[in-house]
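Here's the structure we're looking at; comments come further down.
The values are calculated or read from the model by the stated rules, or taken from the named source; none is laboratory data. What you see is a predicted model, and the numbers here were worked out from it, not measured in a lab. Positions of Cβ are generated from backbone atoms using ideal geometry, with glycine treated the same way; all protein chains shown enter the neighbour counts. Just so you know, the surface numbers come from the protein's heavy atoms only, side chains and all, with ligands and any DNA or RNA stripped out. Shrake-Rupley method; radii C 1.70, N 1.55, O 1.52, S 1.80 Å.
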Amino acid sequence: MSFRFVFLFFVFSSGMLYAQDSTSVLIRIHENLAPSGNFSNVFYMNPANLPFARKYSLSELSAGYSATSQETNIQQLGNGINQFMVNAQSYYKINSENTVIGRAYYKNGKRKNVYWNESSDYQVVYPYVTADSIGGDISFEEYAFKGGYSKSFSKTIIGILADYRALLEYRDVDPRPKNTVSDLKVQAGISQNIGGHYAVGSSVNFQKYTQSNSLKFFSELGAPAVYHMTGLGVYNNLLTGNKLSSFYDGRGYGINLQLFPKDQNGFVLSVGYNHFDYEKIMTEFQNLVASGIVEQRLEGEISYLKKLEKQVLGAKIQAFYTDRTGTENIFDNKSTTSYIKISEAAKYTNQVSSIAISGLYYIPQPELSWSVLPSLQLKKIAEKYVDPLRKMEVTQGTGKLDFSISKLLSRSLINIIAGFEYGWALDSKMDLSDRTQNTPIFDVLDYNFAYLSSAYAKVNLGGRWDYKYDSDFNFFLKTNLDYYNYSKNKNNTYFQMSIGLTF
């Protein structure tokens, strides 16, 4: 526990000593919040592109609290999260040739009413989660730190980035999971000037992921059955019962390519490929490999940003396709002491495709700036399990319109954002061929399908007030509220507030 606080102090003190910039802190914050600087993520995909991401150095230390209440959601994720968070981050240009970034955070909170899932990182390890019919609140602690460095030569820049996250989740009443996650990502990249305006870049990344699950019951009245899920409510009959410990062993790699203007004024092209796979191992059963996932993801972006004298115009198209395939091992279980693998079968698939278009109109006047960002997204989810045959398909449309306004005063900067979003299902269907009666797991599938296929309207409001204590030191207060209204009058809310220092 003490290590994370030492690291937070290190990032904070390093920023205090070195991350100051001769430009006023309010101007540097104004640049950091500008929508044009965040319009394309290509400058953050490759650590060699770090010098082009920002003009000024800026460091921030903050503490905050967030609360989420969800009347509808994927039940394996729960219906809300309350958490406290401490965050420190820094972007610092040592000189024209060297740039460094750093971040560290610590979270402590609780996920509420999690059902049919006793594993952590559901979006990473689904569908092969450990589950029971009881569930409940889950407490967690999470910390992470990231550090990156880029070095510029005459026409070439190289960069490296390391990102580590650790998570502990537990419950103090039956059923009592204790899950520990370790997630390490390393990335290295290079970019090369072509002419005076553009550069090309490429990076590779590697990931090592592990998760240890242990489930215990202390009640003298007995314990419910423990299931090892395999997709869309199906579970492994052979492993059902009292097999309470498992381990996820995962790894990943990827590559991406970019063409971009060094001053963020022009066309951006980027493509990327990422691969992730893991095995679920039954640790208390002779390290039996029960199942595994292979996920492949393709993504691309084409954007254009034009910086005129008094305005900025932008347009962007983004697309991705993810194919997730699950394979189950089949065993000969005639022996009571060991299982012998006799074959394997790919029974689960989940394919997600998306395309989104968005625009930007931004007036970047220092005294009063404002922006409008419209966007439209089409997304299709096709999830399938064979034997028994179960299918769920949802095609969603989402329209968004975001506004921001920023006012720079003598010693203050006020930033206000507002957003409106509407989502609807263009098509949705679920086919459960083996359904004969309502059981708890079918109720979960119905609930999740209703959530994914529901229309909703969302309103977002946020504000940030920065006060300049002196030219290099700033205090800020930030708050944000999201409100969702779904079909059948179900409402979700998210509230966040934080205070902090920038320098």
Original post:
Quick check: anything in the range 325-345 assigned to a strand (DSSP E or B), in contact with a Leu (Cβ under 6 Å, 6 or more places away or on another chain) and among the polar types (S, T, N, Q)?
Top reply: no
**OP:** Run G159 past the list (1) open to solvent by 60 Å² or more (accessible area, probe 1.4 Å); (2) part of a strand (DSSP E or B) and report the number of the one that doesn't hold.
**Re:** (1)
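Out of A319, A382, report the one residue that is outside any loop (DSSP other than H, G, I, E, B), farther than 30 Å from P35 by Cα and either of a type outside the set (K, R) or at pLDDT below 95 (or both). Walk me through how you get there before you give the answer.
On the way: A319 fails: farther than 30 Å from P35 by Cα.
Among A319, A382, only A382 is outside any loop (DSSP other than H, G, I, E, B), farther than 30 Å from P35 by Cα and either of a type outside the set (K, R) or at pLDDT below 95 (or both).
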Original post:
Which ranges mark the strands (runs of 3 or more DSSP E) fully within the range 194-269 that have 1 or more residues being among the hydrophobic types (A, V, I, L, M, F, W, C), within 23 Å of T322 (Cβ to Cβ) and open to solvent by 40 Å² or more (accessible area, probe 1.4 Å)?
Top reply: 198-216, 245-261
**OP:** Assess whether N448 counts as being out of contact with any strand residue (DSSP E or B) (no Cβ under 6 Å at 6 or more places or on another chain) and closer than 30 Å to Y385 by Cα.
**Re:** yes
Original post:
When you go through S212, S291 one by one, which is the residue that is more than 27 Å from E393 (Cβ to Cβ) and of a type in the set (S, T, N, Q)?
Top reply: S212
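Please indicate, with yes or no, whether at least one residue in the range 366-379 is outside any strand (DSSP E or B) and open to solvent by 50 Å² or more (accessible area, probe 1.4 Å).
Yes, the range 366-379 contains a residue that is outside any strand (DSSP E or B) and open to solvent by 50 Å² or more (accessible area, probe 1.4 Å).
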Subject >> Residues of the range 457-480 satisfying the condition of being within 26 Å of Q70 (Cα to Cα), open to solvent by less than 50 Å² (accessible area, probe 1.4 Å) and not β-branched (V, I, T) >> reply: A457, K458, N460, G462, G463, R464, N480
Subject >> Residues located in the range 397-456, provided they are open to solvent by less than 70 Å² (accessible area, probe 1.4 Å), under 30 Å from V25 (Cα atoms) and in contact with a Lys or Arg (Cβ under 6 Å, 6 or more places away or on another chain) >> reply: I414, N415
**OP:** Please state which of the following conditions F206 fails to meet, knowing it meets all the rest: (1) at pLDDT 95 or above; (2) at positive phi.
**Re:** (2)
Original post:
Which one is nearest to the chain's Cα centre (by Cα) among residues in the range 37-50 that are of a type outside the set (F, W, Y) and crowded, with 21+ Cβ neighbours inside 10 Å?
Top reply: M45
Original post:
Looking at the range 146-156, which of its residues are open to solvent by 50 Å² or more (accessible area, probe 1.4 Å) and under 21 Å from the mean Cα position of the chain (by Cα)?
Top reply: K146
Original post:
Yes or no: S154 over 28 Å from L232 (Cα atoms), assigned to a loop (DSSP other than H, G, I, E, B) and either in contact with a helix residue (DSSP H, G or I) (Cβ under 8 Å, 6 or more places away or on another chain) or at pLDDT below 95 (or both)?
Top reply: yes
**OP:** Give me a count of the residues in the range 296-313 that are open to solvent by less than 40 Å² (accessible area, probe 1.4 Å) and within 14 Å of L269 (Cα to Cα).
**Re:** 4
